[in-house]
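Notes follow the structure.
Read the figures in this text as sums done on the coordinates, not as results from a lab. Computed from a prediction, not measured in an experiment: that's the story for all the values here. For neighbour counting, all protein chains shown are included, and Cβ atoms are generated from backbone atoms with ideal geometry for every residue, glycine included.
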Amino acid sequence: LGCSNLTEWSGYKPMISNEDANYLNYGVREFGMSAIMNGMALHGGLIPFGATFLMFSEYARNALRMAALMKIQSIFVFTHDSIGLGEDGPTHQPIEQIPTLRMIPNMAVWRPCDAVESAVCWAQAIERKDGPSCLIFSRQGLPHNERTDEQIAAISKGGYILKDCEGSPDAIIIATGSEVALATGAADAMTGKKVRVVSMPSTNVFDAQDEAYRSSVLIKGVPTVAVEAAVTDAWYKYADAVVGIDHFGESAPAGELFKEFGFTVENVVAAVEGVL
């Protein structure tokens, strides 16, 4: 899946001979790949990473759990992270995978919304010495978000204010990954309201921050909506309403699926208006 996952960078050298190499083609063998990565991490001297579709993390689940239990530095890269995968249909469209990966103790799960967040997430995974990380990416291209240096520094805290309003917000929208663009679009559309957008690439890391930081980002008592193309349950610890998906997907182009299942600016606006 190297071509699909875009893991074949310009300097990769596949292990097809006895020459110096740095890339192992595992085939479609997610558990074997993840277990071998764990062995490499335990040996030391390397920081292994491996990639597959997010849906196929199910095949690797035991090795992921063992990496977290052993506190080793394996980096698991998962792409094609939602119904945005499109025509391959519900067998290949992750729904419950992101929330269940977050439930693994000591697993840092990152779902960035653009190239800047992706770079920070990679840096955090490489610098983390006491456990594994999952980096979760979309299939579709995502828009760039402008940020200050302060905002870029805050990405490493797992959640931060990406777009703010003047004064105290009337509402807060939390989003991850591809849905951050919907959140910012909804905030722009609600011209009569003061709306804060929080990008939360890692709920695990955000939850580990001190109370002062967390409460400065998510203000208690302010109506809050979360947006993520995955099962909704866990988001209610932050939000009053969630735009998500609690059923399997369908086979259709990604744009049609997002519209059909309510991932539109208009639906996010309606969700925010519903909690005000």
Out of all DSSP beta bridges with both ends in the chain, state the antiparallel percent to the nearest 5. 10
Segment 2-136 shape via C-alpha gyration tensor axes, a/c threshold 1.5: rounded
Loop only per DSSP, at most 13 neighbouring Cβ atoms within 10 Å: give me the trypsin sites (Lys or Arg not before Pro) in segment 181-276, ordered by residue number. Lys220
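Treating only the Cβ atoms of Lys and Arg (+1) and Asp and Glu (-1) as charged, compute the dipole magnitude of segment 2-136 about its Cα centre; round to the nearest 20 debye. Mind dumping the intermediate values first?
Working: 9 positive and 13 negative charges, 104 e Å.
Roughly 500 debye for segment 2-136.
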Along its three principal axes, how long is the chain when you only count alpha carbons? Whole Å, largest extent first please. 65, 42, 31
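Relative to the Cα centre, what is the charge dipole magnitude of the chain, using +1 at the beta carbon of each Lys and Arg, -1 at the beta carbon of each Asp and Glu, and rounding to the nearest 20 debye?
Details: 20 positive and 33 negative charges, 151 e Å.
The dipole magnitude comes to about 720 debye.
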Quick one: which residues, 5+ away or cross-chain, put their amide H under 5 Å from the amide H of Thr232? H built at 1.01 Å from N. Ile245
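What value, in deg cm²/dmol to 500, does the helix sum -39500 (n - 2.57) over DSSP H runs of n ≥ 4 give at 222 nm once divided by the residues of the chain? Intermediate results must be reported in sequence, preceding the final value.
Details: 11 runs with 93 residues, N = 276.
Value at 222 nm, helices only, nearest 500: -9500 deg cm²/dmol.
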What distance in nm separates the simple spin-label points at Ala252 and Ala119, each placed 7 Å from Cα in the Cβ direction? 3.7
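Treating the beta-carbon of each Lys and Arg as +1 and of each Asp and Glu as -1, no other charges, what is the dipole magnitude of segment 149-275 about its Cα centre, to the nearest 20 debye? Display every interim value, and only then the final one.
On the way: 9 positive and 19 negative charges, 55 e Å.
Dipole magnitude for segment 149-275 comes out near 260 debye.
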Length-normalised contact order of the chain, Cα under 8 Å, at least 6 apart, in percent, tallies to 18
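Shape verdict for segment 82-122, please, from the Cα gyration tensor: rounded (a/c under 1.5), prolate (a/b greater than b/c) or oblate.
On the way: a/c = 4.03, a/b = 1.28, b/c = 3.14.
Oblate.
State which entries of Lys163/Lys237; Lys163/Lys259; Lys194/Lys220 exceed 18 angstrom in Cα-Cα distance in the structure shown. Could the numbers behind the result be given before it?
On the way: Lys163/Lys237 21 Å; Lys163/Lys259 24 Å; Lys194/Lys220 16 Å.
The pairs that break the limit, which is 18 Å between Cα atoms, are Lys163/Lys237; Lys163/Lys259.
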Give me Tyr26, Tyr160, Tyr236 sorted ascending by neighbouring Cβ count inside 10 Å, so fewest comes first. Tyr236, Tyr26, Tyr160
Where does each of Ile172, Ile36 land when they are ranked from fewest to most other beta-carbon atoms within 10 angstrom? Ile36, Ile172
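Please figure out what share of the DSSP beta bridges in segment 149-275 is antiparallel and state it in percent, rounded to the nearest 5.
Details: 3 of 15 bridges.
Expressed as a percentage, antiparallel bridges in segment 149-275 total about 20.
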For the chain, with +1 on Lys and Arg beta carbons and -1 on Asp and Glu, the positive-most of Thr191, Ser251, Ala108 along the dipole: Ala108
Relative contact order for segment 151-247 using alpha-carbon pairs under 8 Å, separation at least 6, rounded to a whole percent? 30
Sorted on mean Cβ neighbours within 10 Å (highest first), peptides 75-84, 127-136 come out as 75-84, 127-136
What is the distance in Å between the Cα centroid of segment 234-252 and that of segment 88-128? 16
Identify the trypsin sites (Lys or Arg not before Pro) of segment 20-106 meeting these criteria: DSSP loop state and at most 16 other C-beta atoms within 10 Å of the C-beta. Arg29, Lys71
Give me the three principal axis extents of segment 149-275 from the C-alpha atoms, as integers in angstrom, largest value leading. 43, 33, 27
